[in-house]
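See structure below.
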2 protein chains.
Amino acid sequence: MVGQFLLVTFLGTGGSMPTTGRSLPSVVLRYDAELLMFDCGEGTQRQMTLARIGLTRKMKIFITHMHGDHVLGLPGVIQSMSLLGRENRLDIYGPYGIRAFLECVRETLAFGLNFPLEIHELRSGGKIDETHYQIHATNANHIVPALSYSFVEKPRPGKFRLAVARRLNIPEGPLRKRLQSGDQITIDGRRIRPQEVVGPSRPGLKITYTGDTRPSKALCVFSEKSNLLIHDACFDSSLKDKAEVDGHSTAAQAAQVAKKARVEKLALTHISARYRDPKILLAEAKNIFKASFVAEDLMAIEL
Amino acid sequence: MVGQFLLVTFLGTGGSMPTTGRSLPSVVLRYDAELLMFDCGEGTQRQMTLARIGLTRKMKIFITHMHGDHVLGLPGVIQSMSLLGRENRLDIYGPYGIRAFLECVRETLAFGLNFPLEIHELRSGGKIDETHYQIHATNANHIVPALSYSFVEKPRPGKFRLAVARRLNIPEGPLRKRLQSGDQITIDGRRIRPQEVVGPSRPGLKITYTGDTRPSKALCVFSEKSNLLIHDACFDSSLKDKAEVDGHSTAAQAAQVAKKARVEKLALTHISARYRDPKILLAEAKNIFKASFVAEDLMAIEL
């Protein structure tokens, strides 16, 4: 296996209330053939349509906390999946309360499902382990119990050196695959070790999504060396006190976390409806951490 | 009082699933200072923002049935009203089940309200009586219990004949108001009857919103002589059997209802996601009832 394809699409970058330009929170990682969604605010299914992201694909959804602007898109996503004839199982992860919410909506709206839906209630320290990646959950610092998530890709196999393989007369097909998987092979009685043909394994990608949170030392550690940190940046510094009361961060605080955590890039999101133009947020973040940008709806970034 | 201002705004004209061009069902009548909303699909609060319709105004919401695409926008509307500091009471009307749905969402998402919220469960025959209008509810013919609604304005006072009033030396102010209200007045010992100055009362406006329904004789009677009939037109006639099974109408069936009910105009709505261009629906409706049009998101019509 060579390195996977990883695309991050911001579906909704507003917070609390939608605006003409920003839908409610949701980010999707497309990791090879799978979709990993973080939060699912009202309007997410329509944003998926606008971003041309299909509803029938392999998918997991991670909810940070049980505030309406982060979960009210879930029932619609689930119902539309059913209408579209999804058969793939869907896994939804979230804090305590996600099960009661989904079950009561399903009961009171009496909707059927034609695919398996698994709901998992997570605590801080929770981990999902898949072949090529893990998802880690930790406590955020909000006004209600809330989780932050990291997508942590496992080390990726090194680059396959085509020129060397050709020189050693290794034919295309299963023998090359075995070398890539770390096995040695024998050709014409000659033993070839994988490291002769495959470069050193490369560190996997890491993406951290904080959800709603005050700035937090624990999150600095949790997001350390992320290739992309997607951080609450609800307000500018003039509203620092309000951010503290409401359990959010200023753009400057998000940038301080990014700097301490030595991340590669910082995406500012959960932008308050009061900022028609978020340049004040961008300016104060860049002043502290240069590789900052303001996430916009339907913006897509390949990592 | 002279005739009220009446504006109909289509917020969502899709059905079942949103598309890039159509949000989920919702129509708002702005009747003078009040908003009367019919259905509230996911995304409605954002469509209100796009249509510049405020969330803090006097408002009643009428839900036709408990399918997600017609109600999943309600919790977000209610929450945003709270965030915006609404103090006006909000009345929500709908079929049996609307209370359980709203209460369970409120409980599981633990959201507070800073305004009075009244939930009313209606049956066929239900009527809301206000000073200047009534709302009537009747059974639609769908796959679950569903209501259709008519907004019925009370007869409007006749036109005030300014020239006559001036000739009779009736001063501006309370005396003119009394005549408009149907009372006779006395000026300089001379009795003036209202019909000398005020024209004959004019019939009020009538708007009928079917919600999801098969074509129905009862709805022909219910919507009789509506100035505007907003009718389910999910499919074209080639999908007549599917319409019957799913509890919807074809555009041709909607037009037949409009014709029999002798309405003034027909708005086709709840357009299936399969129609990127709804011209086939428009053509078959116009063939039967000329004053048909396809409702589009954010289209506004003054009556």
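Some values worked out for this structure:
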| item | result |
| --- | --- |
| Pair B:LEU168, A:GLN195: separation of 7 Å Cα→Cβ label points (nm) | 10.8 nm |
| DSSP bridge orientation in region A:153-302 - percent antiparallel, rounded to nearest 5 | 30 percent |
| Heavy-atom surface of chain A, accessible at 1.4 Å and reported per residue (Å²) | 43 Å² |
| Antiparallel DSSP beta bridges within chain A, percent to nearest 5 | 55 percent |
| Point-charge dipole on Cβ atoms (K/R +1, D/E -1) for chain A, about Cα centre, debye to 20 | 1440 debye |
| Calculated label separations, B:ALA218, copies of the chain, 7 Å along the beta-carbon direction, nm | 5.6 |
| Estimated FRET transfer efficiency when R0 is 41 angstrom, pair A:GLN184-A:GLU118 (beta carbons, to 0.05) | 0.55 |
| FRET efficiency, 1/(1 + (r/R0)^6) with R0 25 Å, evaluated for B:ASP241 and A:ARG89 via beta carbons | 0.20 |
| Projected label distance in nm at A:ARG274 and B:HIS132, using a 7 Å step from Cα toward the beta-carbon | 3.6 nm |
| Residue and distance (whole Å) for the chain A Cβ nearest the axis that superposes A on B | A:CYS104, 2 |
| Three-way shape label, chain B, alpha-carbon gyration tensor, a/c 1.5 | oblate |
| Unit charges at the beta carbon, dipole of chain B: most positive-side option, B:SER23, B:ILE280, B:LEU83 | B:ILE280 |
| Degrees separating the helix B:251-260 axis from the principal Cα axis of chain B, which is the longest one | 30 degrees |
| For peptides B:225-232, B:158-165, A:189-196, sequence by mean Cβ density within 10 Å, most packed first | B:225-232, B:158-165, A:189-196 |
| DSSP-defined antiparallel bridges as percent of all bridges, the protein assembly as shown, nearest 5 | 55 percent |
| Cα lying deepest toward the dipole's positive end in chain B, options B:PRO155, B:GLN184, B:LEU168, charges on Cβ | B:LEU168 |
| Solvent-accessible area buried by B and A, counting both chains, probe 1.4 angstrom, square angstrom | 2700 Å² |
| Chain B - mean residue ellipticity at 222 nm from DSSP helices (-39,500 (n - 2.57) per run, n ≥ 4, rounded to 500) | -7000 deg cm²/dmol |
| Label distances, nm, A:GLU244 versus same residue in remaining copies, Cβ-directed 7 Å point | 6.9 |
| Virtual paramagnetic centre 7 Å along Cα→Cβ of B:PHE111, amide N under 19 Å, in region A:44-70 | A:44-47, A:63-70 |
| Inter-copy spacing of A:ALA291 label points, which lie 7 Å from Cα along Cα→Cβ, given in nm from shortest upward | 6.4 |
| Cα-based shape type of region A:5-102, given that a ≥ b ≥ c are square roots of the gyration tensor eigenvalues and the cut on a/c is 1.5 | rounded |
| 0 to 90° range, to nearest 10: angle between helix A:74-83 axis and chain A longest Cα axis | 60 degrees |
| Model label zone, A:LYS290; criterion: amide N under 17 Å from point 7 Å along Cα-to-beta-carbon; scope region A:259-279 | A:259-267 |
| Average beta-carbon neighbours from other chains, 10 Å sphere, peptide A:76-86 | 3 |
| With Cα atoms, 0 to 90° folded angle of helix A:98-109 axis to chain A main axis | 70 degrees |
| For chain B, Cys with no neighbouring Cys Cβ under 4.7 Å | B:CYS40, B:CYS220, B:CYS234 |
| Set of lysines near A:LYS225 by C-alpha distance (under 16 Å), chain-local residues within fewer than 8 positions excluded | A:LYS154, A:LYS206, A:LYS217, A:LYS259, A:LYS260, A:LYS265, A:LYS290 |
| Whole-Å semi-axes of the protein assembly as shown's equivalent ellipsoid (Cα gyration tensor) | 56, 29, 20 |
| Charge dipole of the protein assembly as shown about the Cα centre (unit charges at C-beta), most positive-ward option of A:PHE101, B:ILE61, A:MET48 | A:MET48 |
| Mean Cβ count within 10 Å, highest first, over the residues of peptides A:67-76, A:237-246, B:142-151 | A:67-76, B:142-151, A:237-246 |
| Chain A: most fluctuating residue of A:ASP39, A:ASP91, A:ASP212 per GNM, C-alpha cutoff 10 Å | A:ASP91 |
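The values are calculated or read from the model by the stated rules, or taken from the named source; none is laboratory data. Nothing here was measured: the structure is a model prediction, and the numbers come from that model. Positions of Cβ are generated from backbone atoms using ideal geometry, with glycine treated the same way; all protein chains shown enter the neighbour counts. For accessibility, only protein heavy atoms count, side chains too; no ligands or nucleic acids. Shrake-Rupley method; radii C 1.70, N 1.55, O 1.52, S 1.80 Å.
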